[in-house]
Amino acid sequence: LPKSFSLLTKNPSPQTSIRVVSKPLLKGPPTDLHRPLMCSLVDGVSASDMEKFLCDRLLDPTQPISERFRALFSLRNLKGPAPRNALIQATRDSSNLLAHEAAFALGQMQDAEAIPALEVVLNDLSLHPIVRHEAAEALGAIGLESNIPLLKNSLVLDPAPEVRETCELALQRIEELKSDGSDDKSSMTEKSPFLSVDPAAPASSHSSVDKLREVLLDEARGMYDRYSALFALRNHGGEEAVSAIVDSLGAKSALLKHEVAYVLGQLQNKAASAALSNILRNETEHPMVRHEAAEALGSIAALLEEFARDPEPIVSQSCEVALSMLEFERAGKSFE
């Protein structure tokens, strides 16, 4: 991309506008985006030309996956039909990793015009569960009551537990928005210091780390409560909170573990490296969990290089993207 075109990374943190590869990351890794696009147009590059370039790059299957991700992360910060339609088209890409990230981006953009396409993705059982999961999460992020019937339908009918659990989370998020008595979909987002549209509101900031840890690790608790505890621990920060989050990587739910890995990427705490490395090395672990671990481990190049040859494309492509982010970071450049 032209040097004058500077975008945010997948998970921009409040401290930096560049998504560092320590977790990815953007969800990005670090996971949170939702900052305005910073674009200085010089050298005769118009906004429409740049937009077209990014859309074409995203949808070009001959491009390296890392280059397509750079375009995706940039488009996520734009508004309008062209970026939306390119991301919608990308949800059907042969790369499940790219397709799921496109669905995630549509949710973070909170663009209601994307709802019909996300509904089709959620209902298409021929698509990888990781893609359907992100479509359900995106519908929850958009937060409209009109999404409730289709989420309830998939909650009952989808064969993948990670998709059903995501529908449960999305439904509870929408209900919480309703109970707030506000039509402002950003109200819950504003509680996140990581600028992301989280799938659950964080638990009370007055809760102790010990209490939040207890809820997060309790297999008998509902998924929404455990997510709320997770995000509260993330927002709390500190070594005890990170330790509690790391301990939850032993949870039974792949959905919860993938979000835990994502959150550890947002926090970029090196204390989590060993646990994330074990997740990545475990070839029996769910691909969505290993994918998030790979992105969160963006600073550990040797391990990423090893698993860039992993037989699971979702994992190998995640490592390729993370390595590319690391290369840009070392060169002092923005990945987008």
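The values are calculated or read from the model by the stated rules, or taken from the named source; none is laboratory data. Quick caveat: nothing in here was measured; it's all calculated off a predicted structure. Every residue, glycine among them, receives a Cβ derived from its backbone with ideal geometry; neighbour counts consider all protein chains shown.
General remarks:
- Residue within the range 181-190 that is surrounded by fewer than 21 Cβ atoms within 10 Å (Cβ to Cβ), part of a helix (DSSP H, G or I) and modelled with pLDDT under 95 present: yes
- Screening LEU326 on (1) within 16 Å of HIS100 (Cβ to Cβ); (2) surrounded by fewer than 24 Cβ atoms within 10 Å (Cβ to Cβ) shows it passes everything except condition (1).
- Test: residue in the range 295-305 that is at pLDDT 95 or above and of a type in the set (A, V, I, L, M): no
- Helices (runs of 4 or more DSSP H) within the range 196-292 that include 2 or more residues among the charged types (D, E, K, R): 209-217, 223-236, 239-247, 254-267
- Residue in the range 258-266 that is surrounded by 20 or more Cβ atoms within 10 Å (Cβ to Cβ), at pLDDT 95 or above, charged (D, E, K, R) and more than 20 Å from ALA102 (Cβ to Cβ) present: no
- Residues satisfying the stated conditions in the range 144-174, i.e. under 23 Å from ARG221 (Cα atoms) and either modelled with pLDDT under 95 or not in a helix (DSSP H, G or I) (or both): ASP158, PRO159, ALA160
- Residues (within 17 Å of the chain's Cα centre (by Cα) and at pLDDT 90 or above) located in the range 191-208: VAL197, ASP198, PRO199, ALA200, ALA201, PRO202
For every residue, the table says whether it meets (1) crowded, with 23+ Cβ neighbours inside 10 Å; (2) within 23 Å of VAL163 (Cβ to Cβ).
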| residue | (1), (2) |
| --- | --- |
| LEU276 | yes, no |
| ASN282 | no, yes |
| ARG290 | yes, yes |
| GLU305 | no, no |
| PRO311 | no, no |
| GLN317 | yes, yes |
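- Close Cβ contacts (under 9 Å, 6 or more residues apart or on different chains) running from residues in the range 321-334 that are closer than 14 Å to GLU67 by Cα to residues that are loosely packed, with under 14 Cβ neighbours inside 10 Å and at pLDDT 85 or above comprise LEU323/GLU305; SER324/PRO64.
- Taking each residue of the range 136-154 that is on the phi > 0 side of the Ramachandran plot and looking for partners that are part of a helix (DSSP H, G or I) with beta-carbon atoms closer than 8 Å, six or more apart or interchain, yields GLY143/ARG173; GLY143/ILE174; GLY143/LEU177.
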